[in-house]
1. Based on what the data block shows, is residue 81 outside the structural domain of residue 157 (by TED's automatic domain parsing) and either touching a residue at least 12 places away in the same chain (Cβ under 8 Å) or at positive phi (or both)?
2. Mind checking which residues of region 122-134 are touching a Ser or Thr at 6+ places or on another chain (Cβ under 9 Å) and either within 14 Å of residue 62 (Cβ to Cβ) or buried (at least 18 other Cβ atoms within 10 Å of the Cβ) (or both)?
3. Restricting to region 96-112, what's the tally of residues that are loosely packed, with under 13 Cβ neighbours inside 10 Å and either farther than 29 Å from residue 57 by Cβ or in contact (Cβ under 8 Å) with a residue 60 or more places away in the chain (or both)?
4. Quick one: is residue 102 modelled with pLDDT of 95 or more, under 24 Å from the mean Cα position of the chain (by Cα) and not hydroxyl-bearing (Ser, Thr, Tyr)?
5. Is there any pair linking a residue in region 14-30 that is touching a residue at least 12 places away in the same chain (Cβ under 8 Å) to one that is charged (D, E, K, R), with Cβ under 6 Å and at least six apart or on different chains, and which?
6. Could you list, in sequence order, all residues of region 1-43 that are part of a loop (DSSP other than H, G, I, E, B) and of a type in the set (A, V, I, L, M)?
7. Mind checking which residues of region 15-49 are of a type outside the set (A, V, I, L, M, F, W, C) and within 17 Å of the chain's Cα centre (by Cα)?
8. So, residue 149, is that one in contact (Cβ under 8 Å) with a residue 40 or more places away in the chain and part of a strand (DSSP E or B) or not?
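The values are calculated or read from the model by the stated rules, or taken from the named source; none is laboratory data. Computed from a prediction, not measured in an experiment: that's the story for all the values here. Here the Cβ positions follow ideal geometry from the backbone for every residue, glycine too, while neighbour counts run over all protein chains shown.
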Amino acid sequence: MRLVVVTPPAPVVTWADADQHLKLSGDTSQQAEVEAMIAAATGTLDGPDGWLGRALGRQTIEARCDRFDDCGIYLPLPPLVSVDSVKYLDSSNIEQTLPPERYELQGSRLVAAWNTRWPTMLCRPEAVRVTYTAGYAPGALPFNIRAAILLMVGDLYANRETVISGSSVGSVQIPMSTTVERLLGTYRVFA
């Protein structure tokens with residue numbers, strides 16, 4: 001399965017949040033740089049490639065699968081909000097939309113509705129496309145995740161240089177702090 005973010009989320013941590021956390025007193029001359037740090041920290045955690053394995057802000061995701069599975073299709077990146085559409089290529093290679101009464105959600109698994117079967121389809125990579133909405137509602141991001149993002153932004157802000165004074169020239173990686181890992185630990189999804 002391949003996951004594609006169709007509609008990315010709005011920022012889950014704002015400039016105002018970071019301004020207050022970093023004690024910048026509204027110095028907007030640094031706003032663009034700090035917003036880039038917010039995006040970098042959030043991007044490290046959020047979405048298909050994120051460390052958390054979950055959707056942070058509301059976003060539209062497309063899961064592309066090779067076929068329908070009798071055991072269902074697991075839709076990653078919780079929290080799952082809704083399934084927006086299920087499309088597939090029929091045996092004539094024509095895209096069809098599966099009516100909502102033909103499928104149901106069991107937790108994060110999309111299954112054929114009771115007493116129905118998945119339709120006959122073309123055997124081809126990514127022949128099934130499930131579009132769904134996932135992520136926390138605005139203002140509902142868990143406090144631990146929000147605090148972790150702000151701590152990551154603080155680390156990036158404090159360590160803006162790529163070279164440590166007195167060291168050889170090169171890129172220095174700023175590891176995720178133990179505090180950030182502990183704040184996020186209970187929210188990490190292993191799949």
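1. Working: outside the structural domain of residue 157 (by TED's automatic domain parsing): yes; either touching a residue at least 12 places away in the same chain (Cβ under 8 Å) or at positive phi (or both): yes.
Taking the combined requirement at face value, the residue satisfies it.
2. Hits for region 122-134 are 129, 130, 131, 132, 133, 134.
3. Restricting attention to region 96-112, the residues satisfying the condition of being loosely packed, with under 13 Cβ neighbours inside 10 Å are 97, 99-101, 106-107.
Checking the rest, the ones that are also either farther than 29 Å from residue 57 by Cβ or in contact (Cβ under 8 Å) with a residue 60 or more places away in the chain (or both) come to 99, 101.
Qualifying residue count for the region: 2.
4. Numbers: modelled with pLDDT of 95 or more: yes; under 24 Å from the mean Cα position of the chain (by Cα): no; not hydroxyl-bearing (Ser, Thr, Tyr): yes.
In short, no.
5. Filtered contacts from region 14-30: 15/35.
6. Taking region 1-43 and keeping what is part of a loop (DSSP other than H, G, I, E, B), we get 1, 8-14, 23-27.
Correct list: 1, 10, 12, 13, 24.
7. We begin by selecting, within region 15-49, every residue of a type outside the set (A, V, I, L, M, F, W, C); these are 17, 19-21, 23, 25-31, 33, 35, 42-44, 46-49.
Matches in region 15-49: 42, 43, 44, 46, 47, 48, 49.
8. Numbers: in contact (Cβ under 8 Å) with a residue 40 or more places away in the chain: yes; part of a strand (DSSP E or B): no.
Taking the combined requirement at face value, the residue does not satisfy it.
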